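Take a look at the structure set out below.
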Amino acid sequence: MADQPKRFFDLWFVLANNVIKEVPFHVVTDWIQQGMAVPDDRIRPSGTSEWYPLSNVVAFQPYFPQPERSLDPAEALKPVEMEVEWKKSSDEEDDDVDMIPLIDISLVLLIFFMMTMTVASFSRINVPNMQNAFTIEQDPGIMRIDIDLKGGQRVYSIGLGTLEPSEEDSNLGSDVEVMIRLDERLRVVTVPPKVRIAAHGDIPYEVVEEVMKGLERRVEKGILRDYAVEVNERGKP
């Protein structure tokens, strides 16, 4: 794969089976250095179909931790200068424990788990070869917004729990139509519901973000309880 650092990449976290699309080059290198992306993860240039092991991409290899270089026999036989350091008395030792490294590690782990956390599957979209799938109970208190692709066009729909959307709530052409239908549904509920977005894996992030912005405004008004996003990656690389 060509070394083009200015391009965007799709990154597949194999262990969490989670795909993040259109990640800038510098963000990928930061994740590698922070240990959030590992050599066994897969990567591809955005807009392409073939995945590559992250450790095999030349552009990212310098950012992985390098193994310590072993000494050759001649270098090992060179005399070593040693400085004797007298042990300090207990009165001179600092009893304070440096907590900064522990805090740094905790923050890195927190960010990692937040990024790899998956949302329970609420989508009616058929996703082949899906791993770690499980069945949820139908919950009338949960509304679902599906964003699918049909014939290369984005199609929106609204449903309850795992139920199929009604005919009037299906085949909506834009996020504006979705918000109009959602507001009509919210007028007849007494308790602010939860909303889950089930998006096709090839849907650009900007499209999902527009729906999220509309839901965020309704959460701030108190007519929605909360919302979350699930991205479905169709097929395996």
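The values are calculated or read from the model by the stated rules, or taken from the named source; none is laboratory data. The model shown is predicted, which means the values in this text are computed figures rather than measured ones. Here the Cβ positions follow ideal geometry from the backbone for every residue, glycine too, while neighbour counts run over all protein chains shown. Remember, those area values only see protein heavy atoms, side chains included, never the ligands or the DNA or RNA. Shrake-Rupley method; radii C 1.70, N 1.55, O 1.52, S 1.80 Å.
The condition (being at pLDDT below 85 and part of a strand (DSSP E or B)) is satisfied by just one residue among GLU164, GLU230: GLU230. Quick check on VAL208: is it outside any helix (DSSP H, G or I) and modelled with pLDDT of 85 or more? So VAL208 does not fit the description; no.
In the set (1) more than 19 Å from ILE203 (Cα to Cα); (2) of a type outside the set (Val, Ile, Thr); (3) free of Cβ contacts under 8 Å to residues at least 60 places away in the same chain, the condition left unmet by LEU15 is number (3). Within the range 161-169, can one find any residue that is open to solvent by less than 80 Å² (accessible area, probe 1.4 Å) and under 29 Å from GLU22 (Cα atoms)? Scanning the range 161-169 turns up no residue that is open to solvent by less than 80 Å² (accessible area, probe 1.4 Å) and under 29 Å from GLU22 (Cα atoms).
Restricting attention to the range 145-160, the residues being free of Cβ contacts under 8 Å to residues at least 24 places away in the same chain and open to solvent by 60 Å² or more (accessible area, probe 1.4 Å) number 4. Give me a count of the residues in the range 36-56 that are within 20 Å of GLN66 (Cβ to Cβ) and polar (S, T, N, Q). Of the residues in the range 36-56, 2 are within 20 Å of GLN66 (Cβ to Cβ) and polar (S, T, N, Q). When you look at GLU50, is it on the phi < 0 side of the Ramachandran plot, open to solvent by 80 Å² or more (accessible area, probe 1.4 Å) and at pLDDT 90 or above, yes or no? The answer is yes for GLU50. Summed over the range 19-36, the residues that are out of contact with any Lys or Arg (no Cβ under 7 Å at 6 or more places or on another chain), open to solvent by 20 Å² or more (accessible area, probe 1.4 Å) and without any contact (Cβ under 8 Å) to a residue 40 or more places away in the chain give a count of 6. In this structure, ARG217 does not satisfy being modelled with pLDDT of 85 or more, part of a strand (DSSP E or B) and not aliphatic (A, V, I, L, M). So, in the range 174-193, of the ones that are part of a loop (DSSP other than H, G, I, E, B) and under 29 Å from the mean Cα position of the chain (by Cα), which residue ends up surrounded by the fewest Cβ atoms within 10 Å (Cβ to Cβ)? The selected residue is SER174.
When only residues in the range 63-101 that are exposed (fewer than 10 other Cβ atoms within 10 Å of the Cβ) and part of a helix (DSSP H, G or I) count, which is modelled with the lowest pLDDT? Top of the filtered list is ALA76. With respect to the conditions (1) surrounded by fewer than 16 Cβ atoms within 10 Å (Cβ to Cβ); (2) modelled with pLDDT of 90 or more; (3) not polar (S, T, N, Q), PHE13 falls short on a single one, namely (1).
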